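Before anything else, here's the structure in question.
The values are calculated or read from the model by the stated rules, or taken from the named source; none is laboratory data. A quick note: this is a predicted structure, and the numbers were derived from the prediction, not measured. Here the Cβ positions follow ideal geometry from the backbone for every residue, glycine too, while neighbour counts run over all protein chains shown.
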Amino acid sequence: MNNVNPLPVIVIITSKGCGHCTAIRKDGYLQSIESPSSMFGNNGKGYSWNETFFNLLLRGGATSGPAKFRVYEIHYSQLQPTLGVEEFSEYTLTPEGKVKRIGFYNINNKFMTTTTIGYKSTKPQAVAVNNKTFTNLFDQLFPKTIADFVYVYPGWIYVDGNAWNNALKTGESFYAYAAQLKIIKENGKYIVDRKQESINNKPEDAVLNASKVLNGTISLKYIEQPPEQKSQIIYAQTSGCKLPEFQLLPQ
């Protein structure tokens with residue numbers, strides 16, 4: 001967990017209150033089997049929450065080579081992010097190219113952690129962390145304004161590495177590309193445009209988006225958009241869970 005790491009960041013947003021998230025991630029550990037319909041992407045076939053998927057995500061779509069992204073998951077206890085985080089995870093590659101997951105949990109008010117490399121049929125026993133608190137470590141790893149991008153579950157957020165590091169240091173608002181959402185700048189803050197009555201009805205491929213970030217097709221810099229013309233909105237059902245309207249707590 002190196003805050004000066006210049007690699008861009010991918011944050012997966014999930015919630016205990018989202019049934020689709022539960023179907024995708026199960027208990028959060030890497031799974032052993034392929035479930036092609038479990039997650040959007042891969043030309044409609046879907047991905048599984050397994051080592052194959054996180055290998056591709058960390059490498060930006062490549063099947064070999066070093067990591068090109070820092071990858072995290074935030075698992076909220078409720079659909080409202082202000083109600084707390086149940087667990088969070090960090091994904092990295094070992095020198096041998098295996099996916100390493102470090103999970104951080106708040107269990108009965110005790111800060112616990114587990115570390116796994118690849119798929120494990122037997123889940124490791126959580127180990128207590130005594131020198132830090134769950135909240136303090138979360139605040140060290142994630143910028144304070146990360147909740148400004150939480151609007152749908154599961155969510156996929158892509159952030160420039162330098163912008164992320166600066167936000168960790170200063171607490172300033174930062175721009176992020178959020179899959180299926182529109183990000184606007186309002187009163188100096190980057191937030192989800194909550195005036196939209198529906199999210200984009202076309203699912204986005206998480207790995208393809210990562211490769212588009214690397215080749216510049218998706219920009220992680222904010223571009224001011226011209227005023228939109230009024231148009232008819234067509235509503236569509238999605239398999240994700242939409243967060244109800246809520247008011248963010250003052251920062």
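If you check every pair at least six apart or on different chains, which have Cβ atoms under 7 Å apart with a residue in the stretch 16-28 that is under 24 Å from I117 (Cα atoms) first and a residue that is of a type outside the set (S, T, N, Q) and in a loop (DSSP other than H, G, I, E, B) second?
C21/P154; I24/M39; I24/W49; I24/P154; R25/W49; K26/W49
When you check G97 against the structure, is it outside any helix (DSSP H, G or I), on the phi > 0 side of the Ramachandran plot and free of Cβ contacts under 8 Å to residues at least 60 places away in the same chain, yes or no? Can you show your working first?
Values: outside any helix (DSSP H, G or I): yes; on the phi > 0 side of the Ramachandran plot: yes; free of Cβ contacts under 8 Å to residues at least 60 places away in the same chain: yes.
Judged against the criteria, G97 is a match.
Collect the residues in the stretch 173-222 that are of a type in the set (G, A, S) and surrounded by 14 or more Cβ atoms within 10 Å (Cβ to Cβ), keeping them in residue-number order.
Going residue by residue through the stretch 173-222, those that are of a type in the set (G, A, S) are 173, 176, 178-179, 188, 198, 206, 210-211, 216, 219.
Selection gives S173, A176, A178, A179, A206, A210, S211.
While we're here: I'd like to check something: does the stretch 237-250 contain any residue that is among the hydroxyl-bearing types (S, T, Y) and at pLDDT 75 or above? Steps first, answer last, please.
Initial filter on the stretch 237-250 (among the hydroxyl-bearing types (S, T, Y)): 238-239.
Within this subset, residues satisfying the condition of being at pLDDT 75 or above are none.
The answer is no, given that none of the residues of the stretch 237-250 is among the hydroxyl-bearing types (S, T, Y) and at pLDDT 75 or above.
Restricting attention to the stretch 77-93, which residues are among the hydrophobic types (A, V, I, L, M, F, W, C), assigned to a strand (DSSP E or B) and in contact with a Phe, Trp or Tyr (Cβ under 8 Å, 6 or more places away or on another chain)?
Of the stretch 77-93, the ones among the hydrophobic types (A, V, I, L, M, F, W, C) are 79, 83, 85, 88, 93.
Next cut, assigned to a strand (DSSP E or B) only: 85, 88, 93.
Listed by number, the residues that qualify are V85, F88.
So, in the stretch 136-171, how many residues would count as being surrounded by 16 or more Cβ atoms within 10 Å (Cβ to Cβ) and not in a helix (DSSP H, G or I)? Let's see the steps before the verdict.
Applying the first criterion (surrounded by 16 or more Cβ atoms within 10 Å (Cβ to Cβ)) to the stretch 136-171 yields 137-138, 141-143, 145-161, 163-165, 167-168.
Pick out the ones that are also not in a helix (DSSP H, G or I) and you get 142-143, 150-160.
Number satisfying all stated conditions: 13.
Now for a different question. If you scan the stretch 135-165, which residues turn out to be hydrophobic (A, V, I, L, M, F, W, C) and in contact (Cβ under 8 Å) with a residue 60 or more places away in the chain?
Within the stretch 135-165, L141, F142, I146, A147, F149, V150, V152, W156, I157, V159, W164 meet the criteria.
Looking only at the stretch 45-70, filter to residues that are assigned to a loop (DSSP other than H, G, I, E, B) and of a type in the set (S, T, Y); which one of those is surrounded by the fewest Cβ atoms within 10 Å (Cβ to Cβ)?
Kept after step one, since they are assigned to a loop (DSSP other than H, G, I, E, B), are these residues of the stretch 45-70: 45-49, 59-69.
If we keep only those that are of a type in the set (S, T, Y) as well, we get 47-48, 63-64.
Working: Y47: 23, S48: 20, T63: 9, S64: 7.
Looking at residues that are assigned to a loop (DSSP other than H, G, I, E, B) and of a type in the set (S, T, Y), I get S64.
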